[in-house]
Each structure stands twice: as structure tokens, then as C-alpha cells.
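Notes to accompany the following structure.
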Amino acid sequence: MKRNIPLAICLLFGIVMMVQFFVPHPASVAFYDLTTKWVRIVGAFALVLGTGSLVLYHVDKLQRRRPGWYYSIVTLAAAAITTVIGLGWGVKPGRPLQDVIFTSFLVPLNASMFAILAFYMASAAYRAFRARTREAALLLVAAFIVMLGMVPIGAAIWGKLPDIAEWVLSVPNMAAKRAILFGVALGGIATALKVILGIERGWLGGGKQ
């Protein structure tokens with residue numbers, strides 16, 4: 001019974017929301033607005049639950065002195081400070097402290113993370129672009145043309161190189177990208193149908209019924 005009721009609710013709402021998408025009736029639109037409000041309410045409770053889980057995890061990590069426990073101090077302190085500021089305490093009349101935190105902490109941290117990520121991407125590209133096969137050689141040539149066409153030195157070498165790079169991105173690359181998106185969409189539809197029909201029950205906690 002504990003599994004049958006959630007499965008029945010999931011099946012009912014899955015079918016109703018699919019039908020609602022194709023029925024532009026005022027009652028259908030009103031039902032969609034109502035469910036959207038409920039999703040926001042549930043999302044708010046999920047946010048509180050996730051925040052509590054985060055705090056409990058890092059508190060336990062501090063108490064047990066697990067590896068990297070000092071990072072938990074930074075996480076908890078940052079969460080407490082941003083919560084206090086977000087509630088409106090300590091706000092400057094000229095420049096909100098939220099903007100100060102965003103421009104002085106979050107933006108430099110993001111820039112540092114993406115700078116480190118660039119080295120990983122370069123090493124991955126070096127391993128992937130080894131011309132061991134015909135397909136890898138083609139990928140290597142296309143990547144070289146695109147990277148060279150995106151920088152000013154490419155236009156200085158040959159004026160049509162940026163146009164060729166743009167064509168590679170907008171035609172062959174877009175075709176492959178759309179094929180991947182089609183595959184992702186079909187996979188998402190198949191997964192949704194498995195969840196609605198009760199075939200996939202991992203969201204119930206796993207295990208057999």
C-alpha cells in the first residue's frame with residue numbers, strides 16, 4: 001500500500017498533465033496554474049529540507065573531524081552570513097551587501113573555477129584529438145579550424161577563416177547537436193513513461209515491491 005498509493009498518484013497526475021498540455025481549455029489552464037503553485041510550495045519545503053540536510057552533514061563532519069572538516073567551517077559560516085544578509089539585516093542604503101558578496105566573492109571564485117577547468121579541457125582535448133583514426137583526424141581538423149577562426153590571429157592569417165569556422169559551428173555541429181537533443185528528448189520521454197507506468201520505481205527508494 002505504501003508503494004501503490006504513490007504509484008497511483010504519479011500515474012494519475014502524469015496522464016492528467018499530458019492531456020492538459022494538449023487541451024487549451026480555461027479549466028485546463030486553471031488546473032495548470034494551480035499545480036504550478038503547488039510545485040512552488042513543495043519546492044520551498046524542499047529548499048528548507050535541503051538546507052537542513054546540508055547543515056547536519058557539515059556539523060557531523062566537524063564533530064567527527066573527517067578529512068576536509070575545515071571546509072565545513074567555511075560552508076556553514078558562508079551560509080549563515082548570506083542568510084542573515086538575505087533576510088535584510090546589515091543592508092547598506094547605497095550598495096546592498098548582496099551585491100558586494102556577489103561581485104567580491106562569487107564572481108572571482110567562478111572565474112578561478114573556470115580558469116582551472118580550462119586546463120582540464122585542454123588536457124582532455126589533447127587526449128581526444130589524437131589522430132589515431134579517420135574520425136579522430138576529422139575531429140582534430142574541425143576543432144583546429146574553429147579554434148583558429150574564433151581568435152583574431154585566424155582572420156589575420158586568412159580573411160575567410162572566421163566564416164569557415166562559423167559554417168562549421170552552424171551546419172555540421174548544429175546537425176550533430178540536434179541529433180543529440182533528439183536522443184536526449186526520446187530518452188526523457190521513455191524515462192517519464194517508465195515512471196508514470198510504475199516500471200521505474202527508483203524514486204520510491206529502490207528495491208523490489
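The values are calculated or read from the model by the stated rules, or taken from the named source; none is laboratory data. Predicted, not measured: the structure shown is a model, and the values here were computed from it. Cβ placement follows ideal geometry from the backbone for every residue including glycine, while neighbour counts extend to all protein chains displayed.
One table, with the values for the structure above:
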quantity	calculated
Only listed residue being among the small types (Gly, Ala, Ser) and not in a helix (DSSP H, G or I), chosen from 187, 159, 154, 183	159
Index of the failed condition, residue 137 passing every other in (1) modelled with pLDDT under 80; (2) not in a helix (DSSP H, G or I)	(2)
Residue within segment 143-151 that is surrounded by fewer than 11 Cβ atoms within 10 Å (Cβ to Cβ) and either at pLDDT 85 or above or not assigned by TED's automatic domain parsing to the domain that holds residue 77 (or both) present	no
Only listed residue being out of contact with any strand residue (DSSP E or B) (no Cβ under 6 Å at 6 or more places or on another chain) and exposed (fewer than 12 other Cβ atoms within 10 Å of the Cβ), chosen from 21, 31	21
Among the residues listed as 181, 197, 186, 193, the single one being touching a residue at least 40 places away in the same chain (Cβ under 8 Å), under 27 Å from the mean Cα position of the chain (by Cα) and not assigned by TED's automatic domain parsing to the domain that holds residue 4	197
Candidate set from segment 157-209 (those that are surrounded by 11 or more Cβ atoms within 10 Å (Cβ to Cβ) and aromatic (Phe, Trp, Tyr)); member that is nearest to residue 13 (Cα to Cα)	167
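Rundown of residues vs (1) part of a helix (DSSP H, G or I); (2) touching a residue at least 40 places away in the same chain (Cβ under 8 Å); (3) more than 30 Å from residue 78 (Cβ to Cβ), yes/no style:
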{"site": "2", "(1), (2), (3)": "no, no, yes"}
{"site": "9", "(1), (2), (3)": "yes, no, yes"}
{"site": "15", "(1), (2), (3)": "yes, yes, yes"}
{"site": "18", "(1), (2), (3)": "yes, no, yes"}
{"site": "28", "(1), (2), (3)": "yes, no, yes"}
{"site": "36", "(1), (2), (3)": "yes, no, yes"}
{"site": "59", "(1), (2), (3)": "yes, no, no"}
{"site": "63", "(1), (2), (3)": "yes, no, no"}
